[in-house]
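The values are calculated or read from the model by the stated rules, or taken from the named source; none is laboratory data. All figures in this text were calculated on a predicted structure; none of them were measured in a lab. For neighbour counting, all protein chains shown are included, and Cβ atoms are generated from backbone atoms with ideal geometry for every residue, glycine included. In case anyone asks, the SASA skips ligands and DNA or RNA and just uses the protein heavy atoms, side chains included. Shrake-Rupley method; radii C 1.70, N 1.55, O 1.52, S 1.80 Å.
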Amino acid sequence: MTFAHPTYLYLLSGLIPIIIWYIWKRSKAQASLQISSTRAFDQKKPTWKVRFRHIPFILRMIVLALIIIILARLQSSNHWQKSSTEGIDIMMAMDISSSMLAQDLQPNRIEAAKSVAATFINSRPNDNIGLVVFAGESFTQCPLTTDHAVLLNLLKDIRCGMIEDGTAIGLGLANAVSRLKDSQAKSKVIILLTDGSNNRGDIAPITAAEIAETFGIHVYTIGVGTKGEALVPVQMAYGTDYVKVPVEIDEETLKKIANTTDGTYFRATNTSKLKEIYAEIDEMEKTKINVQNYSKRHEEYALFAIIAFILLCTEILLRNTVLKTTP
């Protein structure tokens, strides 16, 4: 329910001084007679005319309030919204090798990647998103789904050491391609995140990229790691120690993968840069939504007009018959 002219409703506040004036006038208009005692009148009860003498005024105020509502034109509307979504299917391929525990991103590379990926997933409620992880081998952690609550739980559970160590970039990319190749979506995207160079697996990264290009899949590659050296935890006999190791990312291969599939290569040297990269990918692959709105309004003030007319007639009738007063 809405009003076509809601500003008229401010006139309702004008009824307040009228009510105050009526109360003041009635208090001044009562006749007075001084007598020594009212004991003789204690058993006398007010007549029904006295009890209902204010009814005409109350009806008049209700009529005025209804007239103001009529002027504001109360309306109802029938509203339909039709939306069509051009879905995007996205597979996230994430490196979970032991080097992802390096602390050049806070608190470390894998936790930073998981946190930023979760934000990205939450920003795209209309898309099918899945997750592939890889190290020395690769497996699908979550197939394409719109149930992002399940996906986020599975993302939270990934950790280094789940599978044999190493960096099989080609195998991880090929696994993601196999999940997207039969998709009917208008746009198919892989976000490949790694911090090393391919040293395991039977499929070369460029071969996997060429397969992706055949199926019309765009691959965005992200190299994670600072320039120079990074602290990496190492298990010693007496516990965990941290040593500096050089950051070696095969940027040439990652750039070739992106170029082959009409994607883009990014380098994330810190957590804030990684957030910027995902935000940029989010803007580049926006879901298209077409919305058609239909609205039809109906005037609803007729009922108020009928009630106001009935009450006005009742007020006039009472004021001039049974509740008539003599000035």
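Counted by Cβ distance under 15 Å from residue 69, the other residues give a net charge of -1, where Lys and Arg count +1 and Asp and Glu count -1.
Normalised by the number of residues in the chain, the average gap of Cα pairs under 8 Å and 6 or more apart makes the relative contact order 23 percent. Solvent-accessible surface of segment 171-326, averaged per residue with a 1.4 angstrom probe and all protein chains in place: 58 square angstrom.
If I require 15 Å or longer along the helix axis, counting alpha carbons, and a Kyte-Doolittle average no lower than 1.0, what helices from the chain are left? Use full DSSP H segments.
Details: long enough: 15-29 (21 Å, 0.69); 55-72 (26 Å, 2.95); 109-122 (20 Å, 0.45); 169-180 (17 Å, 1.17); 271-284 (20 Å, -0.58); 302-320 (27 Å, 2.02).
Taking the DSSP H segments of the chain (at least 15 Å long, mean hydropathy at least 1.0), we get 55-72, 169-180, 302-320.
Based solely on its DSSP helices, what 222 nm [θ] is calculated for the chain when runs of n ≥ 4 H residues each add -39,500 (n - 2.57) and the sum is averaged over all residues, nearest 500 deg cm²/dmol? It would help to have the intermediate numbers written out before the result.
On the way: 10 runs with 126 residues, N = 327.
So the helix-based figure for the chain works out to -12000 deg cm²/dmol.
Give, as ranges by residue number, the residues of segment 51-76 whose backbone N falls under 17 Å from the point 7 Å along Cα→Cβ of residue 5. Residues 64-76 qualify, since their backbone N sits under 17 Å from the label point.
In the chain, what % of DSSP beta bridges are antiparallel (nearest 5)?
Working: 27 of 52 bridges.
Rounded to the nearest five, the antiparallel share is 50 percent.
Length gained on full extension, residue 252 to residue 75, computed as 0.36 nm times the residue gap minus the Cα-Cα distance: 57.2 nm. Its residue count N sets the reference 2.2 N^0.38 Å, and the alpha-carbon radius of gyration of the chain equals 1.93 times that reference.
Give the distance, in whole Å, between the Cα centre of segment 111-149 and the Cα centre of segment 214-285. Their Cα centres are 16 Å away from one another.
On the protein heavy atoms, probe 1.4 angstrom, tell me the percent of accessible surface of segment 86-186 carried by carbon and sulfur. Mind showing how you got there, number by number?
Numbers: 1760 of 3790 Å².
C and S atoms contribute 46 percent here.
Rounded to the nearest 20 debye, the dipole size of segment 101-260 about its Cα centre is 460 debye, using +1 on the Cβ of Lys and Arg and -1 on the Cβ of Asp and Glu. Given a cut-off of 26 Å, name the pairs among 188/273; 181/273; 156/275; 188/227; 186/273; 156/188 whose C-alpha atoms lie farther apart than that in the structure shown. Violating the 26 Å limit, Cα to Cα: 181/273; 188/227; 186/273.
Sorted by accessible area with a 1.4 angstrom probe, largest first, how do 324, 181 fall? Before the final figure, lay out each step's value.
Numbers: 324 140, 181 80 Å².
Largest accessible area first, the list is 324, 181.
Need one number: % antiparallel among DSSP beta bridges in segment 132-271, to the nearest 5. Can you show the working numbers first?
Working: 11 of 22 bridges.
Antiparallel bridges: around 50 percent, rounded to the nearest 5.
Computed over protein heavy atoms with a 1.4 angstrom probe, the accessible surface ordering of 142, 160, 313, largest first, is 313, 160, 142.
What dipole magnitude, in Debye to the nearest 20, does the chain give about its Cα centre under +1 on Lys/Arg Cβ and -1 on Asp/Glu Cβ? Don't skip to the end; give the middle numbers.
Working: 35 positive and 32 negative charges, 909 e Å.
Using only the charged Cβ atoms, the result is roughly 4360 debye.
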